[in-house]
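Asks: I am attaching a structure below and will ask some questions about it afterwards.
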Amino acid sequence: MVVSGYFKLATTNTTGYDAVVNFAFPGEIITDFHCSLYGEPSEMSVIAGADSDILKVPLKEADRRRILRI
């Protein structure tokens, strides 16, 4: 989760250039759920746009919180 600063999310397009597909700001979560769930490498790059802080939540913890609705 973004605590401060912001990030841009990019992927490589069919011409080989990076294409920005989203931004993430404080309070927002950055993840590639599909790749996280299936243990596959992500095709998305996350690039800080300024000095930033994040809160890393392991997938198992996020899943436990979802199940317990914490």
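The values are calculated or read from the model by the stated rules, or taken from the named source; none is laboratory data. Computed from a predicted model, the values in this text were never measured in an experiment. When we count neighbours, we look across all protein chains shown, and the Cβ atoms used for this are built from the backbone with ideal geometry, even at glycine. We work out accessible area using only protein heavy atoms, side chains counted, and drop any ligands, DNA or RNA first. Shrake-Rupley method; radii C 1.70, N 1.55, O 1.52, S 1.80 Å.
Asks: Of everything in the stretch 1-24, what is among the β-branched types (Val, Ile, Thr) and more than 10 Å from the chain's Cα centre (by Cα)? Give them in sequence order.
Replies: Listed by number, the residues that qualify are 3, 11, 12, 14, 15, 20, 21.
Asks: Also, I was wondering about something else. Test residue 27 against the stated conditions and say whether it is modelled with pLDDT of 85 or more, surrounded by 12 or more Cβ atoms within 10 Å (Cβ to Cβ) and either over 10 Å from the mean Cα position of the chain (by Cα) or not β-branched (Val, Ile, Thr) (or both).
Replies: Spelling it out, it is not the case that residue 27 is modelled with pLDDT of 85 or more, surrounded by 12 or more Cβ atoms within 10 Å (Cβ to Cβ) and either over 10 Å from the mean Cα position of the chain (by Cα) or not β-branched (Val, Ile, Thr) (or both).
Asks: Across the stretch 30-65, which residue is modelled with the lowest pLDDT among those that are in a loop (DSSP other than H, G, I, E, B) and of a type in the set (S, T, N, Q)?
Replies: 31
Asks: Six or more apart or on different chains, Cβ under 8 Å: which pairs go from a residue in the stretch 30-45 that's free of Cβ contacts under 8 Å to residues at least 12 places away in the same chain and open to solvent by less than 90 Å² (accessible area, probe 1.4 Å) to one that's of a type outside the set (A, V, I, L, M, F, W, C) and part of a loop (DSSP other than H, G, I, E, B)? Could you list them?
Replies: Once the first residue is free of Cβ contacts under 8 Å to residues at least 12 places away in the same chain and open to solvent by less than 90 Å² (accessible area, probe 1.4 Å) and sits in the stretch 30-45, its partners that are of a type outside the set (A, V, I, L, M, F, W, C) and part of a loop (DSSP other than H, G, I, E, B) give 35/41; 35/42; 35/43; 42/32.
Asks: Could you list all residues from the stretch 4-24 that are part of a loop (DSSP other than H, G, I, E, B) and exposed (fewer than 13 other Cβ atoms within 10 Å of the Cβ)?
Replies: If the condition is that a residue be part of a loop (DSSP other than H, G, I, E, B) and exposed (fewer than 13 other Cβ atoms within 10 Å of the Cβ), then 13, 14, 15, 16, 17 are the ones that fit.
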